[in-house]
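Novice: Here it is: the structure, laid out below.
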Amino acid sequence: MATFREAMQAKNHLVKRWKKMPGVVGIGIGYANGKDRKGGACIVLYTENASATVKRACPQCVSVRSARATGRVRVAVPVRRITSGRCCCHAPVAKAVATSFRRRIRPVIAGYSVGYPGVSGTAGLIVQSASRSAQRYLLSNNHVLNKNNTGGYTETIQPGGADGGRSGRDRIGRLYRYVRLRKNGANYIDAALSIPTTNRLLAPRYATVGTVRGHVRSYAVGSRFKKVGRSSGRVSGVVQSIHTDIDVDYGNLGGLGTIRFRNQTVIRGAGAVSLPGDSGSVWLTASNLAAAVNFAGSADGRLSISFPIQWAMQAFGIRVARAASATGYNRVNSRKPKNPMRTQPLSATQLGTIMTKRVLPSKRKRQGRKKRI
C-alpha cells in the first residue's frame, strides 16, 4: 500500500505531465478504496468524461522512489479516476431551486442569500478581525461579493440580486477586501470580505446550527462535514481528496476564463452539495467548527471544490465572530506536525503570493464623510 507521502510525490510528478493528459481537470490524493485507509493512499484524477481517449491518457499507477524501513524501494502508487465533468464557479444570474435561505433576513446570518445586483451566492460566515477590534465582516467568495475581480465599489445586498434583492433598499454593506484571482499563476483562495453599514446588520450565527465556536486549522481525507447553502440548503459530505490542483471555469467574469487552483479540497455528497448560488457557503465539522469554503462544483453538483478556511483566516487576519457575551475561542489541532494526510496552513511563501486588496468607499461617500467632519 502506498502512503500519503508517496502519493503526494506521485501527484507532483503527474502535475508536471498534465499537458500530456487531455481531459484531466484535477489531480489530488485520497484513499485508494474511496472510503478509508485500509487500501492505502492513491492519486485521484478528475476528468471531463470517460471517453476512450481520456482513459488512455490516464495512467493506472505511478512509480516513485520511497525511503522505507527496508531501504530505497520503488512503490507503485495507484491512480483512481473520477468523472467529474468541468468544474465551474457558482454564482447565478437566474433563480435556482427554491429554498428558505433565499429570503430576506435581518440581521444577516451565515447560510443565506447574499450578493450584488444581479447575482446571488451564500453568506459564508460572520467574522471579525483577529485583533481586539469588534468590527464584523461577512466572508464569502470574491465572485459573490466582487462584480468583476477588481477594486471598484461593489454594493452588498441581502438577499442577492437573483433572489429579488435591490440596490439601496436591500443594501447591507460593501466590498471591503478581496483576494485577486489570477488568470496566469497560482490561485489558492476565492475569498472576499464585505463590511456592513453597521455591525448590527450581521449576527454571529449559522443557519440551522446556531453558534460556530471557531475553526479548525487542518482536516483529513475522510472527514465528514455539513453546510448550509442558498440553493442546496442543509447538506452533508465527505472529504474525497486534498492537495488537489484543479481547473475551474469562471466564464467571462473579469476575463478569467479557466484558471488553476492549487491544493484544494474536494468534498463529495450523496446528492447535490454545490449548486449555482452555493458559492461562499462554509463547511462545518460535526462539532460546529468552520472547516472549508465552497467556491465551485462539478457539473452534477455532487462535488464541492473548497479551500481550507484557515487560509482565509491567514490571508485576511480574521477569526470567527462571537457574540459580545461569549468568552474564549476554539481553534483545534493548531499544533499538528506536517502530515500529507491532512490539509496544511499556508506557508509564508504561499501566503506571499496571495494578493489581498482593500477597496475604498465610492468617491461620493468619501466626500460626504469629509463634509460631516
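Novice: Listed highest first by mean packing, meaning other Cβ atoms within 10 Å per residue, what order do 208-214, 274-280, 107-113, 38-44 come in?
Specialist: 274-280, 107-113, 38-44, 208-214
Novice: Here is a follow-up. In segment 3-36, which trypsin sites (Lys or Arg not before Pro) are in a loop and have at most 13 other Cβ atoms within 10 Å, using DSSP for the loop call?
Specialist: Arg17, Lys35
Novice: Hey, any idea what % of segment 109-169's accessible area is carbon plus sulfur with a 1.4 Å probe?
Specialist: Roughly 45 percent, rounded to a whole number.
Novice: Here is a follow-up. Pulled fully out, how much extra length does the chain show between His13 and Arg200, if you take 0.36 nm times their separation in residues and subtract their Cα-Cα distance?
Specialist: 62.3 nm
Novice: With a ≥ b ≥ c taken as the square roots of the eigenvalues of the C-alpha gyration tensor of segment 73-199, please select rounded if a/c is under 1.5 and otherwise prolate if a/b is larger than b/c or oblate if it is not?
Specialist: Since a/c reaches 1.5 and a/b is larger than b/c, the shape of segment 73-199 is classed as prolate.
Novice: Also, I was wondering about something else. Send over a whole-number figure in Å² for the accessible area per residue of segment 170-304, probe 1.4 Å.
Specialist: Per residue, segment 170-304 has an accessible area of 30 Å².
Novice: Continuing with the same structure: Under 16 Å from a point placed 7 Å out from the Cα of Asn339 along the Cα-to-Cβ direction: which residues of segment 210-246 have their backbone N that close?
Specialist: What the label zone holds, given the 16 Å backbone N cut-off, is 216-224, 239, 242-243.
Novice: Sum -39500 (n - 2.57) across every DSSP H segment of at least 4 residues in the chain, then divide by the residue count to get the 222 nm mean residue ellipticity, nearest 500.
Specialist: Result for the chain: -3500 deg cm²/dmol, rounded to the nearest 500.
Novice: Charges only on Cβ, +1 for Lys and Arg, -1 for Asp and Glu: so what's the dipole of segment 173-261 about the Cα centre, in debye to the nearest 20?
Specialist: 460
Novice: Nearest 10 degrees, 0 to 90: what angle lies between the long axis of helix 4-16 and the longest principal axis of the chain (Cα atoms)?
Specialist: Long axis of 4-16 versus the principal axis of the chain: about 80 degrees.
Novice: Using a probe of 1.4 angstrom, how much of the accessible area of segment 216-327 is carbon and sulfur, in percent?
Specialist: 45
Novice: Report, as a whole number in µm² per second, the diffusion coefficient that Stokes-Einstein gives for the chain at 4 °C and 1.567 mPa s using the Kirkwood radius over alpha carbon pairs.
Specialist: Here the translational diffusion coefficient equals 62 µm²/s.
Novice: Given a cut-off of under 8 Å on Cα pairs at least six residues apart, what relative contact order in percent is computed for the chain?
Specialist: Relative CO of the chain lands at 18 percent.
Novice: So, one more: Rounded to the nearest 0.05, what FRET efficiency do Ser133 and Ser51 give with R0 = 51 Å and r taken as the Cβ-Cβ distance? Could you check?
Specialist: 0.45
Novice: What does the extension gain come out to for Arg182 and Ala286, with contour length at 0.36 nm per residue minus their alpha carbon separation?
Specialist: That works out to 34.1 nm of additional length.
Novice: Nearest 10 degrees is fine. How inclined is helix 363-372 to the longest principal axis of the chain, computing both from alpha carbons?
Specialist: For 363-372 against the chain, the angle is about 40 degrees.
Novice: Can you give me the distance in nm between label points at Ala348 and Val238, each placed 7 Å from the Cα along the Cα-to-Cβ direction?
Specialist: A separation of 4.0 nm, rounded to one decimal place.
Novice: Within the set Lys20/Lys338; Lys55/Lys227; Lys16/Lys55; Lys11/Lys338; Lys147/Lys226; Lys183/Lys338, which residue pairs have Cα atoms separated by over 24 Å?
Specialist: Pairs exceeding 24 Å: Lys20/Lys338; Lys55/Lys227; Lys147/Lys226; Lys183/Lys338.
Novice: Another question, if that's okay. Mind checking the dipole of segment 1-154: about its Cα centre, +1 per Lys or Arg Cβ, -1 per Asp or Glu Cβ, Debye to the nearest 20?
Specialist: Charge dipole, segment 1-154, about its Cα centre: 320 debye, nearest 20.
The values are calculated or read from the model by the stated rules, or taken from the named source; none is laboratory data. Just so it is clear, the model here is predicted, and its values are computed rather than measured. When we count neighbours, we look across all protein chains shown, and the Cβ atoms used for this are built from the backbone with ideal geometry, even at glycine. Calculation scope for accessible area: heavy atoms of the full protein, side chains included, ligands and nucleic acids excluded. Shrake-Rupley method; radii C 1.70, N 1.55, O 1.52, S 1.80 Å.
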